[in-house]
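One structure below.
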Amino acid sequence: MKNEITQTTVKTPAETPETFQGRHTYRPVADIIESSNGVSMILEMPGVAPDNIDITLEKRVLSIRGKIHPVQPEKLDLTYKEYGQGDYERAFTLSEDFDPNKIEAKMSNGILTVKLPKAEAAQPKKIVVNAA
Amino acid sequence: MFYPTLYKRNDPFALMRSLMRDVASPPNTYRSQTVFPVVNIWQGDDAMAITAELPGIEPSALEITVKDDLLTISGERAVTDTAKDDVWLRRERSYGKFSRPVQLPFNIDENKVEARFENGVLCVVIGRAEEDKPRKIEVKAA
């Protein structure tokens, strides 16, 4: 166990065009781990309910979007701000070794876990060149 | 980065502005800091609230203590379990124990503190103690 002060990564605004409401869109912080049977992605998306997550896979690009319910305590005004609230957006380009039909996602306590199992036919096919 | 030196040759300020824009928002990098969690503070007449983003923390692993006018949020962010031959392709999240004290502008009535944790966001609403509220003094006409 380390006992020192470490740095914490802070979410940063994503490089997306402006939104209508003028709020920032944030790029969720991610961990990506590769194991023998696939890749799992862990994204921090606090404030997003499980049914407000939208994951799409199109032409090898995996886009993850999350809409937040902004926290607004009743009858109180924001007087000191250290973080901003806004939707999340991030996209990843995948290699073709994944089976798109077997991608699973789970959301709990503001953490999105996406599991991408390796496709069975991911073994490369070697083409033998015959000498004429 | 693309610097349009050629077509902005006669406007050095435009070039400077585009340079500044690139410096101000470095692509694909993250800010980091030693304070965790970061908090937002909300105030009203008789109450105030502290909100903090704590993704991935079980509500049971979260500890909130109050003493006089000091509120402390502490807990631990667990490390993701990995097998021996797993490879980290990207590691941006942080973990470990944390503690964040917040000094409030009034003494806390411990019976008036309410904490809610939803989707990784903590919201602590604190009521001001009755004896701590300012008393109004009526001015009598002579």
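Here's how it looks for B:VAL38: its modeled amide H is under 5 Å from those of B:GLU53, which are all 5 or more places away or on a different chain. Amide hydrogen proximity for B:GLU118: with H placed 1.01 Å from N in the peptide plane, the residues at 5 or more positions away or on another chain lying under 5 Å are B:CYS123.
Once C-alpha pairs closer than 8 Å and six or more residues apart are averaged by separation and normalised to the residue number of chain B, the relative contact order reads 22 percent. Structural size metrics of the protein assembly as shown, computed from C-alpha coordinates, are Rg and Dmax of 24.4, 120 Å. Charges were assigned to the Cβ only: +1 to each Lys and Arg, -1 to each Asp and Glu. The resulting dipole of the protein assembly as shown about its Cα centre is roughly 1000 debye.
Per-residue Karplus couplings for the range B:129-138, computed as 6.51 cos²θ - 1.76 cosθ + 1.60 with θ equal to phi - 60°, are listed in order as 4, 4, 6, 8, 5, x, 9, 8, 10, 7 Hz, Gly and Pro entered as x. For the range A:75-116, a decrease in accessible area of 50 Å² or greater in the assembled protein chains relative to the isolated chain, with a 1.4 Å probe, applies to A:LEU76, A:LEU78, A:THR79, A:TYR80, A:GLU82, A:TYR83, A:ASN109. For the protein assembly as shown, give the percent of accessible area contributed by carbon and sulfur heavy atoms, probe 1.4 Å, rounded to a whole number. Whole-percent figure for carbon plus sulfur exposure: 50. Whole-Hz Karplus values for the range B:96-101 come out as x, 7, 9, 7, 10, x Hz, taken residue by residue from phi with 6.51 cos²θ - 1.76 cosθ + 1.60 and θ = phi - 60°; glycine and proline positions read x. How fast does chain B diffuse by Stokes-Einstein, in µm²/s, taking the Kirkwood radius from C-alpha pairs at 4 °C and 1.567 mPa s? Using the Kirkwood radius from Cα pairs, D works out to 65 µm²/s. Annotation: amide H of B:VAL102 within the under-5 Å range of B:LEU71, B:THR72, B:ILE73, sequence separation 5 or more or interchain, hydrogens built in the peptide plane.
Using only alpha carbons, build the gyration tensor for chain A and give me the equivalent ellipsoid semi-axes, biggest first, whole Å. Please report the intermediate quantities before stating the final value.
Details: eigenvalues 279, 65, 41 Å².
Sorted largest first and rounded, they come to 37, 18, 14 Å.
Taken one residue at a time, the phi angles of the range B:56-62 give Karplus couplings (6.51, -1.76, 1.60, θ = phi - 60°) of x, 10, 5, x, 6, 8, 9 Hz. Gly and Pro are set to x.
Between the residues A:MET41, B:VAL38, B:CYS123, the greatest Cα displacement towards the positive end of the dipole of the protein assembly as shown, with unit charges on the Cβ of Lys, Arg, Asp and Glu, is found for A:MET41. What quantity of accessible surface, computed with a 1.4 Å probe and excluding non-protein components, is buried in total between chains A and B, in Å² to the nearest 100? That pair of chains buries around 4400 Å² in total.
The values are calculated or read from the model by the stated rules, or taken from the named source; none is laboratory data. The structure presented is a predicted model; accordingly, all values stated were derived computationally and were not measured. Cβ atoms come from the backbone with ideal geometry, glycine included; neighbour counts cover every protein chain shown. Remember, those area values only see protein heavy atoms, side chains included, never the ligands or the DNA or RNA. Shrake-Rupley method; radii C 1.70, N 1.55, O 1.52, S 1.80 Å.
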